[in-house]
Amino acid sequence: MIGKLSAQDIMIREVHVTGPTDLVAAAKLKMMRCNVGGLPVVDEKRLVGIITHRDVLLAGGEALGLKVNDLMSKELYVAEPETPIKEITKVMADKGYQRIPVVKNGNLVGLITQSSLIRALAGLED
């Protein structure tokens, strides 16, 4: 059954995001309040990067005054809504990614996380 699933079948559609000119401190606070480990960075609806709690921790306390653009990862693996889940899980396993943005025409439309994958797998019938 998983062989038939694509990103659009299990992606989180209402994604918490931050902007490239937001302060890292604000992004960190948003991650904490929303109980998420990372935020896609969007300019309008266009995905431009991703910032994670780990990025903030590794950068140290002085990074809190920086803008998200200074700290975010810019080279990302992204999926399209039709990307098969098997491909996404392989990339996540091989690269150690915990979240994969889903884009259509460069615009963020969803997010696949390890948790969303587990929830989808738990809901599959044998």
The chain, accessible surface, carbon-and-sulfur percent (1.4 angstrom probe): 50 percent
Can you find, among Asn105, Gly123, Leu57, the residue sitting farthest towards the positive end of the charge dipole of the chain, where Lys and Arg contribute +1 and Asp and Glu -1 at Cβ? Leu57
In terms of Cα to Cα distance under 15 Å, which aspartates and glutamates are near enough to Lys28, apart from those fewer than 8 places away along the same chain? Asp55, Glu62, Asp70
About the Cα centre of the chain, what is the dipole size in debye to 20, counting +1 per Lys and Arg Cβ and -1 per Asp and Glu Cβ, all else neutral? 160 debye
Distance violations [Cα-Cα > 25 Å] among Lys45/Lys74; Lys30/Lys90; Lys67/Lys90; Lys45/Lys90; Lys30/Lys86; Lys4/Lys90: Lys30/Lys90; Lys67/Lys90; Lys45/Lys90; Lys30/Lys86
How many Å² of accessible area per residue for the chain, probe 1.4 Å? 61 Å²
For labels at His53 and Leu66 in the simple 7 Å Cα→Cβ model, what's the distance in nm? 2.0 nm
For the chain, what value does the Rg/Rh ratio take when both radii are computed over Cα atoms and Rh is the Kirkwood radius, given to two decimals? 0.99
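What Kirkwood hydrodynamic radius, in Å, does segment 38-95 give when the mean of 1/r is taken over all pairs of distinct Cα atoms and then inverted? Can you show the working numbers first?
Numbers: mean 1/r = 0.0769 Å⁻¹.
In segment 38-95 this quantity evaluates to 13.0 Å.
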Based on the Cα atoms of segment 59-126, what semi-axes does the equivalent ellipsoid have, where each is the square root of 5 times one gyration tensor eigenvalue, given in whole Å with the largest first? 28, 15, 11
In the chain, what percentage of the DSSP-assigned beta bridges are antiparallel, given to the nearest 5? 90 percent
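Computed over the Cα atoms, what is the radius of gyration of segment 1-40 divided by 2.2 N^0.38 Å, N being its residue count?
The value comes to 1.56.
The values are calculated or read from the model by the stated rules, or taken from the named source; none is laboratory data. Not measured: the values here are computed from a predicted model. A quick note on method: Cβ atoms are made from the backbone with ideal geometry, for glycine too, and the neighbour counts reach across all protein chains shown. SASA here: full protein model, heavy atoms, side chains in, ligands and nucleic acids out. Shrake-Rupley method; radii C 1.70, N 1.55, O 1.52, S 1.80 Å.
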